[in-house]
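Bear in mind that the values in this text are calculations on the coordinates, not laboratory data. Just so you know, these numbers come straight off a predicted model, no measurement behind them. Note that we place each Cβ from the backbone using ideal geometry, even for glycine, and neighbour counts take in every protein chain shown.
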DNA sequence: TCAATACTACAAGAATTATTGAAATATAGT
DNA sequence: ACTATATTTCAATAATTCTTGTAGTATTGA
């Protein structure tokens with residue numbers, strides 16, 4: 001996953017409104033919900049919900065499918081799993097459990113070095 | 001986890017700079033990194049990194065520990081696990097695997113109902 | 001005490017984002 | 001074709017965020 005994709009996904013979840021929408025869709029799983037139903041459930045103006053859904057869809061956080069005059073939205077769960085994997089893919093070479101060990105250097109031997117040699121000082 | 005906590009965490013990851021910082025810290029696990037080392041590694045102005053680290057720490061995404069005149073930052077992995085759990089805690093009653101089933105109504109029986117009865121129309 | 005280093009705090013600017021209301025588009029049923 | 005419903009688009013304002021430069025605080029070592 002590219003960094004830009006990840007930041008867009010996180011940005012989509014950084015608003016209370018969008019987080020509510022997403023969790024509602026996660027709750028509904030493959031059933032999804034249509035836009036008006038989402039707005040009614042969360043007691044929000046439909047145009048505001050539409051605004052956020054558009055952004056979430058663009059980010060890849062949700063998918064949309066037309067059903068007549070309804071737009072059915074679903075949480076994009078596979079994308080979320082990829083996002084989580086991206087977040088931890090370099091974590092202890094793919095074994096994030098080790099990160100909870102207290103052993104220094106277990107995950108990142110380079111970082112166990114003293115925190116020096118960071119000032120090139122070209123003068 | 002409260003919604004506000006979750007949105008703050010996601011907001012912390014919605015910037016390319018902060019995402020880079022976090023992934024770097026995840027990579028280093030319990031070893032962590034000191035602020036200056038983070039700035040040097042990512043080739044960013046130290047005050048900008050400090051600005052973002054402060055926000056990330058306030059959000060609970062990272063922890064900080066003083067080491068003499070160094071500030072050592074670490075990714076708050078347990079918090080991230082809680083965040084992921086929060087995102088999926090209502091997903092199919094705690095069994096998100098089911099969300100990938102194509103069976104309608106398996107996760108959210110209520111949503112399988114027709115998308116009507118959303119317009120109270122008080123006139 | 002003095003100087004150097006590591007980091008943080010503050011202020012100012014541009015840039016982005018959120019919310020609302022009104023209008024527009026598209027589908028369904030008559 | 002006409003009306004009602006479902007959703008989106010547009011415009012405008014308010015609010016927030018990002019970045020940089022400068023100054024300040026705290027620790028280390030001579």
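What average count of beta carbons from other chains do you get within 10 Å of the Cβ of residues in B:29-39?
Rounded to a whole number, the mean comes out at 6.
Distances from residue A:46 to the same residue in each other copy, label points 7 Å out along Cα→Cβ, in nm, shortest first?
Relative to the other copies, residue A:46 has label-point distances of 5.7 nm.
7 Å along Cα→Cβ for the label point: how many nanometres lie between residue B:57 and each equivalent label in the other copies, listed shortest first?
Residue B:57 label point versus its equivalents elsewhere: 4.2 nm.
Extending each Cα 7 Å along its Cβ direction at residue A:50 and residue A:89, get the distance between those two points in nm, one decimal.
With each label point 7 Å from Cα toward Cβ, the separation is 3.6 nm.
Points 7 angstrom from Cα along the Cβ direction at residue B:57 and residue B:81: gap in nanometres?
Spacing of the two 7 Å Cα→Cβ label points: 2.4 nm.
Taking each label point as 7 Å beyond Cα in the direction of the beta carbon, state the distances from residue B:69 to the same residue in the other copies, shortest first, in nm.
Result for residue B:69, in nm, nearest copy first: 7.1.
What is the packing order of peptides B:59-65, A:20-26, A:64-70, A:43-49, taking the mean over residues of other C-beta atoms within 10 Å and listing the highest first?
The peptides rank, most packed first, as A:20-26, B:59-65, A:43-49, A:64-70.
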